[in-house]
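Remarks on the structure that follows.
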Amino acid sequence: MVKIIGTLVVGFLGSTVAKRLKMPAAFMTGSMLAVALFSIITNEMFMPGSLKVIAQVVSGAYIGQQVSKQDLLNFPKLAKSIVLLMTFFTINTFVMGFLFARFFSIDLVTALLSCLPGGIMDVSLISIDMGAQAEIVATMQLARLVGMLLILPYWISFILKRLGKDDPKPEPEKPALKKSLTFGTNREISNNLLILVVSGIGGLLGMYLQIPVGALIFSLIFSCGLKLLKNTAPLNNKIRQLAQILAGSIIGSTFTRESLEQISQLLIPACLLLGSYLFINVLFGFIVYKRGILDLRSALFASSPAGATDISLIAGELGGDMPKIAGIQICRTLYTIIVLPILVRLVVNE
């Protein structure tokens with residue numbers, strides 16, 4: 001128990017420093033890096049893997065609350081484009097995953113999960129659940145996230161100018177007012193409790209059914225259903241931040257001096273993975289643009305595998321069809337969490 005408390009304290013301090021430094025996914029990466037550093041130096045960091053269920057339920061609850069009725073109305077118009085993008089992502093995951101397993105001495109399940117186009121917290125939790133090397137998966141996911149967020153604005157500007165498609169930025173739509181509650185009020189507390197209880201029931205059902213990543217998948221589905229039926233206010237972000245610190249601490253505690261040596265060899269795979277996603281970005285962007293579904297700028301933003309929230313914020317700042325971008329990004333998140341782990345499990349078990 002003392003080691004667990006100590007690990008959480010280190011994770012919290014690491015997340016605080018990362019937040020001040022404005023690192024991407026600060027609470028997750030900060031806690032992970034701080035705990036990993038102390039784990040390598042002292043070998044005294046410890047977190048039971050069973051606690052991942054708490055982080056999975058909170059993550060599923062949070063994601064489920066991001067889906068709105070407007071998103072569902074946009075899906076039929078974007079269905080073919082979404083299917084095309086998910087197909088590209090699936091092919092890329094397995095091609096790059098098998099490549100990494102064959103030439104870089106990474107076990108297959110770790111290599112495949114490292115290539116998933118999802119959120120660092122969600123994919124890292126999935127990797128723990130599926131018995132992969134979580135430290136490698138988290139490192140590859142962090143490299144993808146940071147790389148995309150740093151490169152994306154310049155990359156899209158380069159593509160638009162290079163190809164003479166730097167069309168005028170569409171007028172940003174006024175965002176619909178989101179239902180929100182004041183932090184700490186009775187209504188806000190009851191809203192959060194309702195979401196967590198319903199999502200927790202879904203998570204327990206997923207564990208009972210012994211479905212891969214069942215706690216995450218079913219908590220997400222239950223949370224989404226609650227959002228659509230009751231129009232609940234978004235889950236308080238501080239709760240997700242605590243879950244990110246927990247998840248980061250769990251992953252960081254798995255780091256050893258041996259895993260550090262292995263991670264140092266991930267530079268080439270990380271660059272190859274980033275390059276493959278930039279290629280998909282351009283390919284999908286052109287196809288959707290030529291079909292007249294989206295302007296090129298919006299199509300490029302929509303197919304970028306970074307954080308859905310981060311991409312939407314960047315797109316809003318640089319110009320883009322935000323409702324459609326957000327709809328496609330949400331589909332990417334759901335597909336990565338619900339479908340791709342099942343496909344990975346089927347391939348690995350064959």
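The values are calculated or read from the model by the stated rules, or taken from the named source; none is laboratory data. Keep in mind that this is a model prediction, so the values were computed, not measured. Neighbour counts run over all protein chains shown; Cβ positions are idealised from the backbone, glycine included. The accessibility values were calculated without ligands, DNA or RNA, using every heavy atom of the protein model including side chains. Shrake-Rupley method; radii C 1.70, N 1.55, O 1.52, S 1.80 Å.
Structure summary
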{"read-out": "Accessible solvent surface per residue of the chain, calculated while the other protein chains remain in place, 1.4 angstrom probe, Å²", "value": "47 Å²"}
{"read-out": "Anisotropy class of the stretch 98-138 from Cα gyration tensor, a/c 1.5 cut", "value": "prolate"}
{"read-out": "Kirkwood estimate for the chain, i.e. one over the average of 1/r between Cα atoms, Å", "value": "20.6 Å"}
{"read-out": "Sequence of 115, 224 from largest to smallest accessible area, 1.4 Å probe", "value": "224, 115"}
{"read-out": "Highest-fluctuation residue, 292, 202, 327 considered, GNM on the chain with Cα pairs under 10 Å", "value": "292"}
{"read-out": "Average Cα contact separation per residue, the chain, under 8 Å, 6 or more apart, as relative contact order %", "value": "30 percent"}
{"read-out": "At least 20 Å along the helix axis (C-alpha) and Kyte average at least 1.0, DSSP helices within the chain", "value": "2-20, 26-42, 134-162, 214-230, 267-290"}
{"read-out": "Rounded to whole Hz, the Karplus (6.51, -1.76, 1.60) HN-Hα couplings of the stretch 108-119, x for glycine and proline", "value": "4, 5, 5, 4, 5, 5, 5, 9, 5, x, x, x"}
{"read-out": "For the stretch 1-142, radius of gyration divided by Kirkwood radius, i.e. Rg to Rh on alpha-carbons", "value": "1.03"}
{"read-out": "GNM result for the chain, Cα springs below 10 Å: residue of 340, 112, 78 fluctuating most strongly", "value": "78"}
{"read-out": "Backbone N within the stretch 274-298 under 20 Å of label point (7 Å from residue 77 Cα along the Cβ vector)", "value": "285-298"}
{"read-out": "Within the accessible area of the chain (1.4 Å probe), percent carbon and sulfur", "value": "67 percent"}
{"read-out": "Accessible-area ranking of 99, 73, largest first, probe 1.4 Å", "value": "73, 99"}
{"read-out": "Listed residues 258, 135, 44, most fluctuating in the chain (Gaussian network, C-alpha, under 10 Å)", "value": "258"}
{"read-out": "Spin-label model distance (nm) - residue 347 vs residue 102, 7 Å beyond Cα toward Cβ", "value": "1.2 nm"}
